[in-house]
Amino acid sequence: MPLLWALRDEFGLVGTKFGCGVAQCGACTVHVDGTPVRACITPVGSVEGSAVTTIEGIGATKEGKALQAAWLEVDVMQCGYCQAGQIMSAAALLKGTPKPTDEDIDAAMDGNLCRCATYTRIRSAIKKAAGVALTDTREV
């Protein structure tokens, strides 16, 4: 059984979304021992003994709390479907790179797809959460 279905069906943690089912869209991103993984292809048995953090718990971390606040301030969401996975990937980025560059953000967020194309606002929210100036001309 994939971790995604265990989280959603067995534990009722429905914030993690099913997107593509083949680890290509990032909607199902969760953290396993702090590392972002795609829950749709991660066998639940492979995470036994590991710490799994979902969007429901990310607000308890410094990075997650800052990102959730920035997401609201920047008004990132449109349909919102991919946003849990986006925040999970962004939280992992800020945990390892507290002041990311545009290139850091591009690399970390690559593979998290947004059908509404809110990428500019996602980048702005990540920078706001990190306290980084919005210097990328793609954001104006």
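Below are the figures for this structure:
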read-out: Tabulated pairs, the stretch 52-65, first of a type in the set (Val, Ile, Thr) and modelled with pLDDT of 95 or more, second open to solvent by 30 Å² or more (accessible area, probe 1.4 Å) and in a helix (DSSP H, G or I), C-beta under 8 angstrom, 6+ apart or interchain; value: ILE58/GLN68; THR61/LYS95
read-out: Unique residue being open to solvent by 40 Å² or more (accessible area, probe 1.4 Å), within 11 Å of the chain's Cα centre (by Cα) and at pLDDT 95 or above when the list is PRO36, PRO43; value: PRO36
read-out: Residue within the stretch 56-63 that is over 22 Å from TRP5 (Cβ atoms), over 14 Å from the mean Cα position of the chain (by Cα) and not basic (Lys, Arg) present; value: yes
read-out: Condition met for THR16 (polar (S, T, N, Q), within 14 Å of the chain's Cα centre (by Cα) and surrounded by 21 or more Cβ atoms within 10 Å (Cβ to Cβ)); value: yes
read-out: Residue, farthest from GLY19 (Cα to Cα), within the stretch 83-129, restricted to residues that are of a type in the set (S, T, N, Q) and crowded, with 17+ Cβ neighbours inside 10 Å; value: SER124
read-out: Selection within the stretch 46-78 - surrounded by fewer than 16 Cβ atoms within 10 Å (Cβ to Cβ) and closer than 16 Å to THR120 by Cβ; value: GLU73, ASP75, GLN78
read-out: Matching residues, the stretch 49-87, being farther than 22 Å from CYS116 by Cβ, in contact with a Lys or Arg (Cβ under 6 Å, 6 or more places away or on another chain) and outside any helix (DSSP H, G or I); value: GLY59
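The values are calculated or read from the model by the stated rules, or taken from the named source; none is laboratory data. These numbers come from a predicted model, not from an experiment. Please note: Cβ atoms are built from the backbone with ideal geometry, for glycine as well, and neighbour counts cover all protein chains shown. Each accessible area value is taken on the protein alone, full model and side chains, heavy atoms only, with ligands, DNA and RNA left out. Shrake-Rupley method; radii C 1.70, N 1.55, O 1.52, S 1.80 Å.
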